[in-house]
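Colleague: Sending over a structure as structure tokens; questions will come in a sec.
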Amino acid sequence: MRILYIHQYFKTPNEPGGTRSYWISKALIEAGHEVIMITQNKKGKEAVELVVKDGINVIQLKNWYANEMSIPSRIKSYFSFMVKSTRQAMKLKNIDMVISTSTPLSVGLPALLLKWFYGIPYLFEVRDLWPEVPIQMGAMKNPVVRWFARFFEKTIYKNSKHIVALSPGMYDSIIKYVSSDKVSMIPNMAKNDKFWPRVHNEKLLTQLGLRKNSFKVIHFGAMGLANGLLYVMEAARSLSSEMIDDVDFVFLGEGKAKKICEDFAGKHKLKNVYFYDRVPMTETSEIVNFCDVSIVPFMNLPILGTNSPNKLFDSLSAAKPVVVNSNGWTKDIVEKYQCGAFVDPNSPIDFAKLIIKWKNDPELIRQMGENGRELARNVYDKSILTKQFVSVVENNFIKQ
């Protein structure tokens, strides 16, 4: 089949950011399909650029977006990409199906219009439950806007031929609107060949100015408001005030909350917190490898418990125990498979106490890391989950 794939934030492993769409595209190509990706290019010189990335035909549309943007600026960026991607999609010929992946929800419009005007079926992939996430976060207060956003969400779901949800919570939310037989749950993927335990890169450790023998807690990936990172900062402050000076907190990424966290660290004169810009996957893997524990925090909102965070699965691959504070399926994972722990989202002191406990029990750290690595290899590896995705595509979109 000739597949059109629409993802505003498409990245390859050589670029900072999530790579799920890349691995799915590669698996589809290996199965004999052609993939045309429509995405944005923040630094593009031309309005439209055509490139081939590892066999994927990529149409890059000039469009600016940054995690630090205000809500009005984000909406403007979403609308701009929606219009540009729709125009580009309508020009393409001989498309057999469309894969459209959120967020934002607006990427569903070009797929919807291709179905309505040309009868091309589409698969919609739900990575976050929009508009419920921005609604619960207080970013969508106008009741008319809320009504329209929810109406648009239902329209996208009901017109799709199939939907892929990235967590059980997302699945349960979607089947309120459509039959369960048109929804599959395929979570984010562990990249065991990209994140794995090995000898520490001490040269990089020195370049970053990190202490060799400290106990390191890392948060890597998006640093958005939804990540609730002041929770981690309060734990760092607690350890600092108790004169526990051999624990360091490493933040690797970008987002609106980064400046807030930096200001917090400056205000409280914290010496145990380090901030770095996001880097390509290879370097991210090296940094995660010489840390001891990974933290996957979110604001204490029910909807955020449905998230399927990339960093969770990369942490499992890297054999790092994971701390979560969302009372959802990630809590179930770390507790059932003994590869981490859940902490009270309202008590950063509990998180600080857990870190002290783990720091003093290296054998527990080692065992939880091994448990996580085994889970990543046998259940969540991208080789397993991309095959599931290809099967969903072929079973639902190839004419029998």
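Colleague: How many percent of the accessible area of segment 315-400 is carbon or sulfur, using a 1.4 Å probe? Working shown, then result.
Modeller: On the way: 1910 of 4130 Å².
It is 46 percent, rounded to a whole number.
Colleague: With +1 on each Lys and Arg Cβ and -1 on each Asp and Glu Cβ, how big is the dipole of segment 258-400 about its Cα centre, in debye rounded to the nearest 20? Please list the in-between numbers first.
Modeller: Working: 19 positive and 17 negative charges, 47 e Å.
I would put it at about 220 debye.
Colleague: Before anything else, pin down the relative contact order of segment 163-286: Cα pairs under 8 Å, at least 6 apart, normalised by residue count, whole percent. If you can, show how the numbers build up before the last one.
Modeller: Numbers: 134 pairs, mean separation 28.8, N = 124.
It comes to 23 percent, rounded to a whole number.
Colleague: Further, regarding this structure: Using a Förster distance of 30 angstrom, determine the FRET efficiency expected from the C-beta separation of L364 and S180, and round it to 0.05. Please report the intermediate quantities before stating the final value.
Modeller: Details: r = 39 Å, r/R0 = 1.31.
Plugging the Cβ-Cβ distance into 1/(1 + (r/R0)^6) gives 0.15.
Colleague: For S184, what residues show an amide H to amide H distance below 5 Å, using hydrogens built from the backbone and excluding near sequence neighbours?
Modeller: It is I163, V164, A165, by chain and number.
Colleague: Among P309, Y118, M189, pick out the residue whose Cα is farthest towards the positive end of the charge dipole of the chain, where Lys and Arg carry +1 and Asp and Glu carry -1 on C-beta, about the Cα centre.
Modeller: Projecting each Cα onto the dipole axis, the largest value belongs to Y118.
Colleague: Which FRET efficiency, nearest 0.05, do K336 and I384 yield, Cβ-Cβ r, R0 22 Å? Kindly include the intermediate steps, with their values, before the conclusion.
Modeller: Working: r = 18 Å, r/R0 = 0.83.
Efficiency, rounded to the nearest 0.05: 0.75.
Colleague: Once fully extended, how much extra length lies between W147 and A31, figured as 0.36 nm per residue of separation less the alpha-carbon to alpha-carbon distance? Present the calculation step by step, with values, prior to reporting the outcome.
Modeller: Details: separation 116, 0.36 × 116 = 41.76 nm, distance 4.06 nm.
Once the chain is fully extended between W147 and A31, it gains 37.7 nm.
Colleague: Among V334, F275, N371, which residue has its Cα positioned farthest towards the positive end of the charge dipole of the chain, with +1 placed on the Cβ of Lys and Arg, -1 on the Cβ of Asp and Glu, and the dipole taken about the Cα centre?
Modeller: The residue sitting most towards the positive pole is F275.
Colleague: Checking the cross-link filter: which lysines have an alpha carbon closer than 18 Å to that of K26, excluding same-chain neighbours under 8 positions apart?
Modeller: Those lysines meeting the cut-off are K11, K53, K191, K194, K382, K387.
Colleague: Determine the calculated [θ] at 222 nm for the chain from helices alone, applying -39500 (n - 2.57) to every DSSP H run no shorter than 4 residues and normalising by the residue count; nearest 500 deg cm²/dmol. Don't skip to the answer; put the middle values down first.
Modeller: Numbers: 15 runs with 172 residues, N = 400.
Value at 222 nm, helices only, nearest 500: -13000 deg cm²/dmol.
Colleague: Right, something else. For a protection proxy built on the mean count of beta-carbon atoms within 10 angstrom, sort 18-28, 186-196, 375-385 highest first, please. Each step should come with its number before you reach the end.
Modeller: Values: 18-28: 22.5, 186-196: 20.9, 375-385: 18.5.
Most protected by this proxy first, the peptides run 18-28, 186-196, 375-385.
Colleague: Hey, what's the chain come to in accessible area per residue, 1.4 Å probe, Å²? Each step should come with its number before you reach the end.
Modeller: Working: 17600 Å² over 400 residues.
It amounts to 44 Å² per residue over the chain.
Colleague: Please compute the contact order of the chain in relative form: average sequence separation of alpha-carbon pairs under 8 Å and at least six residues apart, divided by the residue count, as a percent.
Modeller: Worked out over the chain, it gives 16 percent.
Colleague: Could you tell me whether segment 1-118 comes out rounded, prolate or oblate from its Cα gyration tensor? Rule is a ≥ b ≥ c as square roots of the eigenvalues, rounded for a/c under 1.5, then prolate if a/b exceeds b/c, otherwise oblate. Before the final figure, lay out each step's value.
Modeller: Working: a/c = 1.71, a/b = 1.23, b/c = 1.40.
Here segment 1-118 falls in the oblate category.
Colleague: Per the 1.4 Å probe, what fraction of the accessible area of segment 1-136, in percent, lies on carbon and sulfur atoms? All intermediate terms of the calculation are to be shown ahead of the outcome.
Modeller: Working: 3140 of 5650 Å².
C and S atoms contribute 56 percent here.
Colleague: Please list the non-local residues whose amide H lies under 5 Å from the amide H of V247, H modeled 1.01 Å from N, same-chain partners needing a gap of 5 or more.
Modeller: When sequence neighbours closer than 5 places are left aside, the close amide H contacts are F215.
Colleague: In Å, what Rg and Dmax follow from the Cα atoms of segment 198-261?
Modeller: For segment 198-261, the Cα-based Rg and Dmax read 13.0, 34 Å.
Colleague: For the chain, place one equal point scatterer on every Cα, skip the solvent, and apply the Debye formula. What is log10 of I(q)/I(0) at q = 0.06 Å⁻¹?
Modeller: -0.24
Colleague: OK, next. Which distance in Å, rounded to a whole number, links the C-alpha centroids of segment 275-310 and segment 5-78?
Modeller: When both Cα centres are located, 21 Å separates them.
Colleague: Quick check: the distance between the Cα centres of segment 189-239 and segment 89-107, to the nearest angstrom?
Modeller: 36 Å
The values are calculated or read from the model by the stated rules, or taken from the named source; none is laboratory data. This is a predicted model, so every value here is computed, not measured. Cβ sites come from the backbone with ideal geometry, for glycine too, and all protein chains shown count toward neighbours. Heads up: the accessible areas ignore ligands, DNA and RNA and are worked out on the full protein's heavy atoms, side chains in. Shrake-Rupley method; radii C 1.70, N 1.55, O 1.52, S 1.80 Å.
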